[in-house]
Amino acid sequence: MTKPWMRISPPLIKRYIALQLVRFRKNLGVSQGEVQAATGVTRANLAQLETAKHLPKPAIVERLLTFYGAPEKIRDLCQLVEAAKVADPWAHIESNIKDFNLFVGLEQSATTIESFDAVAVPGLFQTPAYARAVLAASAPALSVEEIEDFVAQRMERQAVFKRADPPRVWSIVTEGALRCMVGGTQVMAEQLDHLIEIGRQPEVRIQVTPAETGAHAGMHGSFSVFGFTTTLIGIGYLESVVRATFVDEPEEVERLVDVLNALRVTSLNPAESMVFIERVRKEVTR
């Protein structure tokens, strides 16, 4: 299946490279000083690379990733470095880096994930059966094998909650998404049970926008905003039938945050939302 066409700016790729360098180092559990001692890459240089102030040279990429125990990623990261230097890098990335998914990379690196979902339960919260039903309906050209591959990938994304430092997730979902009988009664009941369980986790907040709210700030559709602990600004993500768009201009990201803040005010609070989801769950199997 061809991936959605994505508008990715060189600055965004640069930020992604920085996030990957941080992730590899933290996965190894070493400090910048320890990296300097082992590779010769100075702490000052590493700090600039990890905050996207500079792009790494190929030799630096090779030294760092070899030390981090990820030599198989050297080629991909070097290609990204080259892509970040040109005006329109997407064709280069698509044709040369197989199975590369920037959205998932950002999701796995983020310290905060805020989203508004108008028509379906967020991917991070989906059960396998629910995800399977969504994919079968929204991408009918996919084979059974392809659907299973995508379901497996979606489930792998949820491992982010098992990290030692899981991201803080604040999800706003419409009542319509909760009442849409995706996959039938049993599938939807299991999905709502899972959503209730996820909503009890300390790092997760779920709010519901009831239908009775009427028109609201999220009428333009679903989107996500990823936040990071580094000096990097947040990154927004919007998806439609034919394309996905990454938003990295500060004023545009701020606009998305404003919409989320407005939705938080007009939606049920997290405690009320859990009660609401439990009520919908009971209604599903009446």
Within the stretch 156-167, track down each residue that is closer than 11 Å to Thr112 by Cβ and within 12 Å of the chain's Cα centre (by Cα). Pro167
Could we say that Leu256 is in contact (Cβ under 8 Å) with a residue 12 or more places away in the chain and under 28 Å from Ala129 (Cβ atoms) here? no
Considering the stretch 238-274, residues that are in a loop (DSSP other than H, G, I, E, B) and touching a strand residue (DSSP E or B) at 6+ places or on another chain (Cβ under 8 Å), and then whichever is surrounded by the fewest Cβ atoms within 10 Å (Cβ to Cβ), we arrive at Val242
The stretch 33-123: helices (runs of 4 or more DSSP H) wholly inside it with 2 or more residues that are of a type outside the set (Ser, Thr, Tyr) and modelled with pLDDT of 80 or more are 43-50, 58-67, 74-83
For the stretch 117-152, which positions are closer than 18 Å to Gly199 by Cα and of a type in the set (Ser, Thr, Tyr)? Thr127, Tyr130
Can you find a residue in the stretch 127-150 that is in contact with a Pro (Cβ under 6 Å, 6 or more places away or on another chain), over 18 Å from Val284 (Cβ atoms) and surrounded by 14 or more Cβ atoms within 10 Å (Cβ to Cβ)? no
Cβ-Cβ below 7 Å, separation at least six or inter-chain, first residue in the stretch 138-156 and modelled with pLDDT of 90 or more, second assigned to a helix (DSSP H, G or I): which pairs? Ile147/Arg132; Ile147/Leu135; Ile147/Ala136; Val151/Pro128; Val151/Ala131; Val151/Arg132; Val151/Leu135; Met155/Pro128
Out of Ile277, Ile235, which single residue is over 27 Å from Leu49 (Cα atoms), touching a residue at least 12 places away in the same chain (Cβ under 8 Å), among the β-branched types (Val, Ile, Thr) and surrounded by 19 or more Cβ atoms within 10 Å (Cβ to Cβ)? Ile277
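The values are calculated or read from the model by the stated rules, or taken from the named source; none is laboratory data. In this text the structure is predicted, and so the values were computed from the model without any measurement. For neighbour counting, all protein chains shown are included, and Cβ atoms are generated from backbone atoms with ideal geometry for every residue, glycine included.
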